[in-house]
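The values are calculated or read from the model by the stated rules, or taken from the named source; none is laboratory data. This structure is a prediction, so every number in the text was calculated from the model and none was measured. Ideal geometry is used to build each Cβ from the backbone, glycine not excepted, and the neighbour counts take in all protein chains shown. Heavy atoms of the whole protein, side chains included, go into the accessibility calculation; ligands, DNA and RNA do not. Shrake-Rupley method; radii C 1.70, N 1.55, O 1.52, S 1.80 Å.
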Amino acid sequence: MSGLFPNAWTVARREYRQRVQTRTFLIVTAVLALVGVGIPLLPVAVRLIAGDETTAVAIHSTDPVVQSQTVVALGAILHGDSDGTRWEITAVGDAAAADVRVRDGDLDGLLTVSRAGDGELAFDMLTEAGPSSQWLFAVRQATTQLSIGDRLVRAGIDPTAAGGIFAPTPFEVTPVDPDAKSPEETYGAAYMMAMIMVVLTFMAVLTYGQWVAGSVAEEKSSRVMELLITAATPRQLLSGKVLGTGAAGLTQYAVVVAAAAGGFALEGLVAERVLGDGGSASLESVNLWVLAPFGVFFVGGFLLYATLYAGLGSMASRQEDVQMATGPMLMVGMVGYFAAFIGLNTPEAQWVQVASLIPFFSPYVLPIRMLLASIEPWEWLVAGGLMVAFLFGALWVAARIYSAGVLLYGQRVNFRAMWRAVRVNR
Amino acid sequence: MEDQQPAAVIHTTGLTKHYGKVQALVDLTLDVRPGEIFGFLGPNGSGKSTMIRTLLGFLHPTSGSASVLGLDIVDDSVEIRRRTGYLPGGIALYDSLSGADALDYLNDLQGTPAVRREELCERLQMPASVLRRKVRDYSRGMRQKIGVIQALQHDPVLAILDEPTEGLDPLMQQAFYSLMDDLRDQGRTTFLSSHVLPEVERICDRVAIIRSGHLMALQNVDDLLARRKRRVSLRWRGAAPELSGIPGLADVKTDGDRMTATLLGDVSGFVRAIASPSLVDLTIEPARLEEAFLEYYAGDDASEEVRG
């Protein structure tokens, strides 16, 4: 039996060059990188466009005391909100004139306040804004607070003491494990990060796995395979293909992820320059170094899927059959993907722990446990060992399917024939 | 007698391959001897490529066995492929590589130095300027030449060529034939398939005829040609002499000064007998395998399927 190298490298090098040099690859990578930079900056852009606008609300009431109190209190509550909306709360005496200004678009809303017979405050908003409008929601919340304050005063509670009633209650969370990675304040960011990683892993495995399968099928249908298989062994060709096409895929992936990371890093800076405030650097609070060991599992899982994709791709005689031939891999990938999404909300569950050790699922599930729970050293070893064992197993199985599959022309994808090939073919 | 023969380069015993109910090869037994050019002749779809793919271990025989270079085709196919030069039928290459890159790449994988590359490129007229171009821009014939070069560039002891002259123009076919002659002179063995009779006749030492997977004949080309009836026509100054006594000559028809006949076997006796100052013109049509086979298997529609 000939060794894997140097032929696998020779094949990998050609696969890599051939793919990276195509115009399609360059254009798609550039476009994806732009999207990668753009997505983190999108909130800044939205705020930039919306930020200059001031929401102008006029307050009218037949009772001047109620009117002035509402203007002051509503203004205080709304300006206290930190979402960046600018408010212009004014008192108007002429309701009819204000009504016209709302219809002309000069005013966003006219809030009419009245006190009913039982002393309750009643609010009526005249506006063109729809029910899902954010500022309308903010005003509505503010009026509720205003109303409760008013009830407290009417019930005889000192207005200065009433302020304290709305103060938040102290509530601390103390983790059992002092090293636990999820103190309350960073949990949200970690959750977000875990979700992003699951999606990115899923996309990488499927997209680039499909590349590998497609490229195998192409060599087979163009019959280049007959020449290659004479010069090199199926195992060498298969490994080279997986390494070369995989490396090209990871190159694109790395460029896009780096662009997105750059976008996130720039988000704060850009926001400061453009908007004059620090914005919210959403993922900064996650220590990205905890993800380093995950890189190993990402690459391992990627190779595992890509190897099997290559084997199954060899069963297809035409590009149109590739989807069908690689269907089982898509299904396995989907199971891991959905398991990871369910696991996001129960990172400590036992089934999540088990799934994080199984090679087909570990690339999806591990980041969740890393970011949201904790992993014992022995679990790393078991997961890593299983990954390596599965990789070799996959290479063995895929090479058999491949050597049987690549030269069977014009046959329909048939898993029974494939199974026979795996058992019989050398 | 068997012991005096050097070990066969290719040896098959009852080789049979079925695709489902289709019989692609049926009970094929043959030997290819060292240093010969062995022609495997048959119409399209007769099982030629199946035979070649089976020999190289791409397909596994349904029954029977075979060895190539003394190696079993099922157990040692990787080693067989490593030692053999192979030109697949209907060659395909990576379009985005240049001709030179394609040759380099295949040679890197093959792992044996490409000692014959330069000579082959020269003889098949593939100069560096052409090799620099991308395979995408090549004509059918250029691709075929790359295919021939890649099969022979590492100077294998055995070359298995599936329809090697497909797509080559007549000039290049001649260059290829003389290349084959030289390889034989250097003791290399070639197994080639073809559906072109004059080609096999021109370059092969022995030929096997296959039809629908069955071996119809296995003959020495020279023997076949020697036993074949040639058509001869002669023109005399004055009346034609009496020639009926010449061995092998039959169907003599005389029309004034012209005469036609058929001649079986050796031409030397005939040439001696007709040597005369009154002979004005003589035509002996080249012996054709097609007719030789028609004769051998007269009444058997098999040989009629073989096209010239």
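Conditions tested, residue by residue: (1) closer than 18 Å to residue A:398 by Cβ; (2) part of a loop (DSSP other than H, G, I, E, B); (3) open to solvent by less than 20 Å² (accessible area, probe 1.4 Å).
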site	(1), (2), (3)
A:293	no, no, no
A:303	yes, no, no
A:310	yes, no, yes
A:317	yes, yes, yes
A:321	yes, no, no
A:337	no, no, no
A:341	no, no, no
Q: Please work out which residue is least open to solvent (accessible area, probe 1.4 Å), limiting yourself to the stretch B:76-90 and to residues that are within 7 Å of chain A (Cβ to nearest Cβ) and assigned to a loop (DSSP other than H, G, I, E, B).
A: B:88
Q) Within the bounds of the stretch A:217-233, is there any residue that is outside any helix (DSSP H, G or I), touching a residue at least 12 places away in the same chain (Cβ under 8 Å) and crowded, with 24+ Cβ neighbours inside 10 Å? A) yes
Q | Members of the stretch A:306-353 that are modelled with pLDDT under 90, within 26 Å of residue A:12 (Cβ to Cβ) and polar (S, T, N, Q) | A | A:314, A:317, A:319, A:323, A:326
Q: Can you tell me which residue within the stretch B:92-104, out of those that are under 24 Å from residue B:55 (Cα atoms) and at the interface with another protein chain (Cβ under 7 Å from one of its Cβ atoms), is farthest from the chain's Cα centre (by Cα)?
A: B:93
Q) Which of the residues that make up the stretch B:105-123 are within 12 Å of chain A (Cβ to nearest Cβ), in contact (Cβ under 8 Å) with a residue 40 or more places away in the chain and outside any loop (DSSP other than H, G, I, E, B)? A) B:106, B:107, B:110
Q | Scan of the stretch A:211-249 for residues that are more than 13 Å from every other protein chain (Cβ to nearest Cβ) and under 18 Å from residue B:95 (Cβ atoms), ordered by number | A | A:211, A:214, A:216, A:217, A:245, A:248
Q. So which residues in the stretch A:354-405 are among the hydrophobic types (A, V, I, L, M, F, W, C), open to solvent by less than 10 Å² (accessible area, probe 1.4 Å) and not in a helix (DSSP H, G or I)?
A. A:373
Q. So residue B:67 fits all but one of (1) open to solvent by less than 10 Å² (accessible area, probe 1.4 Å); (2) modelled with pLDDT of 90 or more; what number is the exception?
A. (1)
